[in-house]
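Enquirer: Have a look at this one.
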Amino acid sequence: MKKKFLYTAIFAAMIGLASCNEDFNADVAAPQTWEQEEILATASMTITPATGVNLETTTEETVKLFDYQVENQLEGSTIENLTAYISKQDVEAWQKIEVDANGKANVESLQSVMEELFGKSAEMRTLNIKAEASMNIDGEALYLGSEKVLIEITPKKPLVLTLPEYYLVGNIQNWSPVEKTAPLFPTETDNKFTVTTDFSNSNAGTPNFKIWASDDFGTWEKALGAQTDGDTSLNGILKENGGAILTPDNGIYTFTVDFTTNNYSLVKEANQTPAEFLTIGLIGEFNGWGDDLDMLPSSPHNWYYPGFVIETEGQIKFRADDKWDNSWGGVINLSETPFGISQFKSNDNMTIPAGTYDVLFNDITGRYAFYKK
């Protein structure tokens, strides 16, 4: 009896399996494909890099990086959200570059990325570049991405100061037409210069002055001054063969001028009793961190040193009165930032490459400039 039941169960199972082999889909039509879907499935993007990308010589705000082509672009679709990415050849850490619909990037933005990747160097670099975009139609978007290709980009040259461009002439240097002892400091803004001082030369005379461009120094008709002689306005416009600019009192002022427009301003310093130092010196690896190389006084709170020789790259600082109580430094590479503002009582040292320099320093603001000769 038990065997009979077992055989019956096996037979029933075999019938069930046979039933499962029947094709119930025989009369069902195959899934349909549409032409649009087939095109979308085969759409792709390729890029052709621009040649001779040189950020130093370009005169436009944007520069061409690449042309792109889209294979099998759907009729009526648009290509949007075009974006580029660059990386070093050996390390694919991609940096995003905003580009317009023609594959052009902003020169300053691209320069910043090049500096981030390689530092401030004018050496031509070969990089990876790729692009991505979207093909949009009827509210739908398809991602497009190119393969990476190689592109050569030459960044801008780092700024090297070689000669002070503008000087004060006035009571602070005895109105001398030959003594170039009171230069203006360059600032981070192109064509804008500044200096902080007591234009009365510490109450030694009337706080009046003019400006001479370096090439015009000594030619009074070329001196830049106020619209009217003795103008005490805090804002004005320089003119050639102008009158003397006069600070309202014998205080400490910051004079700033934009030579793009010749607009200038005078701002009285909040602290009218800053520390007075007998000496400001250069100290660093070049002298074994001892025996400060004393700078020469220029105008009140300003100092300079002509012909500062560095034989090998090293670290330096500014220091007052041969003591560490008052010093200035910072994480500053002077090959990349030859002018700027140093940090008071910083524990960090500035790095200076080998060369010969004329050096400027202001002990109120910490502003410095190294002119390489």
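The values are calculated or read from the model by the stated rules, or taken from the named source; none is laboratory data. Note that the coordinates shown come from a computational prediction; the quantities given were computed from them, not determined experimentally. Counting neighbours? That spans all protein chains shown, and the Cβs are built from the backbone with ideal geometry, glycine included. We work out accessible area using only protein heavy atoms, side chains counted, and drop any ligands, DNA or RNA first. Shrake-Rupley method; radii C 1.70, N 1.55, O 1.52, S 1.80 Å.
Enquirer: Going by average Cβ neighbours within 10 Å, how do the peptides 133-140, 291-298 rank, with the highest at the top? Spell out each step's value before the answer.
Expert: Numbers: 133-140: 14.9, 291-298: 16.6.
Sorting 133-140, 291-298 by mean packing, highest first, produces 291-298, 133-140.
Enquirer: Which label belongs to the value computed from this structure, given these candidates for mean projected area of the Cα convex hull in nm²: [x] 36.9; [y] 25.2; [z] 17.8?
Expert: Working out mean projected area of the Cα convex hull in nm² from the coordinates points to [x].
Enquirer: Provide the per-residue ³J(HN,Hα) series for the range 284-296, in order, calculated from phi with Karplus coefficients 6.51, -1.76, 1.60 and θ = phi - 60°, each as a whole number of Hz, with x at glycine and proline positions.
Expert: Karplus values, whole Hz, x for Gly and Pro: x, 5, 5, 10, x, 6, x, 6, 3, 8, 6, 7, 9.
Enquirer: Relative contact order for the range 94-212: what percent, with Cα pairs under 8 Å and sequence separation of 6 or more? Before the final figure, lay out the partial values.
Expert: Numbers: 146 pairs, mean separation 21.3, N = 119.
The normalised contact order for the range 94-212 reaches 18 percent.
Enquirer: Compute for the range 305-373: radius of gyration divided by Kirkwood radius, i.e. Rg/Rh, restricted to C-alpha atoms, rounded to two decimals.
Expert: Rounded to two decimals, Rg/Rh equals 0.93.
Enquirer: While we're looking at this one, here's another question. Mind listing the phi-derived Karplus ³J(HN,Hα) values for the range 214-219, rounded to whole Hz, using 6.51, -1.76 and 1.60 with θ = phi - 60°, and x for any glycine or proline?
Expert: So the J values, rounded to whole Hz, are 3, 6, 9, 4, x, 9.
Enquirer: Oh, and also: Less than 20 Å apart at the alpha-carbon level, and either on another chain or at least 8 residues along: which aspartates and glutamates does that give for Lys239?
Expert: In chain and number order, the partners are Glu165, Asp190, Asp215, Asp216, Glu221, Asp229, Asp231, Asp258.
Enquirer: While we're on this one: Against the longest alpha carbon principal axis of the chain, how many degrees, from 0 to 90 and to the nearest 10, is the axis of helix 107-118 turned?
Expert: Helix 107-118 sits roughly 80 degrees off the main axis of the chain.
Enquirer: Mind listing the phi-derived Karplus ³J(HN,Hα) values for the range 316-324, rounded to whole Hz, using 6.51, -1.76 and 1.60 with θ = phi - 60°, and x for any glycine or proline?
Expert: Residue by residue, the range 316-324 yields 9, 8, 9, 9, 9, 6, 6, 9, 8 Hz.
Enquirer: Another one. Would you compute the Debye intensity of the range 209-319 from its alpha-carbon atoms alone, equal scatterers and no solvent, and pass along log10 I(q)/I(0) at q = 0.12, 0.13, 0.19 Å⁻¹ to two decimals?
Expert: Listed by q, the Debye log ratios stand at -0.62, -0.70, -1.00.
Enquirer: Top to bottom by accessible area (1.4 Å), largest first, where do Lys96, Lys130 land?
Expert: Working: Lys96 115, Lys130 60 Å².
Heavy-atom accessible area, descending, gives Lys96, Lys130.
Enquirer: Something else about it: Compute, for Trp175, the solvent-accessible surface of its heavy atoms (probe 1.4 Å) with the complete set of protein chains present, and express it in square angstrom to the nearest 10.
Expert: Surface accessible to solvent at Trp175 totals approximately 80 Å².
Enquirer: Right, next: Taking the Cα centre of the range 190-316 as origin, work out the dipole magnitude from +1 charges on Lys and Arg Cβ and -1 charges on Asp and Glu Cβ, in debye rounded to 20. Please list the in-between numbers first.
Expert: Details: 5 positive and 18 negative charges, 106 e Å.
For the range 190-316, the charge dipole is close to 520 debye.
Enquirer: Here's something else I'd like to know. Measuring from centroid to centroid over Cα atoms, what is the spacing of the range 93-143 and the range 233-302 in Å?
Expert: 42 Å
Enquirer: Any chance you could get the radius of gyration and Dmax over the Cα atoms of the range 148-292, in Å?
Expert: When restricted to Cα atoms, the range 148-292 yields Rg and Dmax of 18.7, 68 Å.
Enquirer: Which whole-angstrom value gives the distance between the alpha carbon centres of the range 42-82 and the range 160-202?
Expert: For the range 42-82 versus the range 160-202, the Cα centre distance is 47 Å.
Enquirer: List the residues of the range 350-364 whose backbone N lies under 13 Å from a point placed 7 Å from the Cα of Phe344 along the Cα-to-Cβ direction.
Expert: 362-364
Enquirer: In addition: Leaving out ligands, DNA and RNA, what percent of the accessible area of the chain is carbon and sulfur, probe 1.4 Å? Can you show the working numbers first?
Expert: On the way: 10040 of 20510 Å².
Roughly 49 percent of what the probe reaches on the chain is carbon or sulfur.
Enquirer: How much of the pair distance distribution for the range 51-159 lies past 18 Å, counting alpha-carbon pairs only, in percent? Can you show the working numbers first?
Expert: Working: 2933 of 5886 pairs.
The answer is 50 percent, as a whole percent.
Enquirer: In bins 5 Å wide, starting from 0, what share of all Cα pairs of the range 168-219 does each bin hold, as a percent?
Expert: 5, 20, 28, 23, 15, 7, 1
Enquirer: Can I ask one more? So what is the relative contact order for the chain, in percent, with contacts set as C-alpha pairs under 8 Å and at least six apart? Intermediate values should be presented prior to the final figure.
Expert: Details: 806 pairs, mean separation 40.1, N = 373.
With pairs under 8 Å counted, the relative contact order is 11 percent.
Enquirer: Ok, one more. How much accessible area per residue does the range 260-313 have, in Å², with a 1.4 Å probe?
Expert: For the range 260-313, the solvent-accessible area averages 55 Å² per residue.
Enquirer: Now for a different question. Pick out, from Ser233, Gly329, Ser342, the residue whose Cα sits farthest towards the positive end of the charge dipole of the range 227-357, with +1 on the Cβ of Lys and Arg and -1 on the Cβ of Asp and Glu.
Expert: Ser233
Enquirer: If the cut-off is 30 Å between C-alpha atoms, which lysines fall inside it for Lys148, apart from same-chain ones fewer than 8 positions away?
Expert: Correct list for Lys148: Lys64, Lys88, Lys96, Lys104, Lys120, Lys130, Lys156, Lys157.
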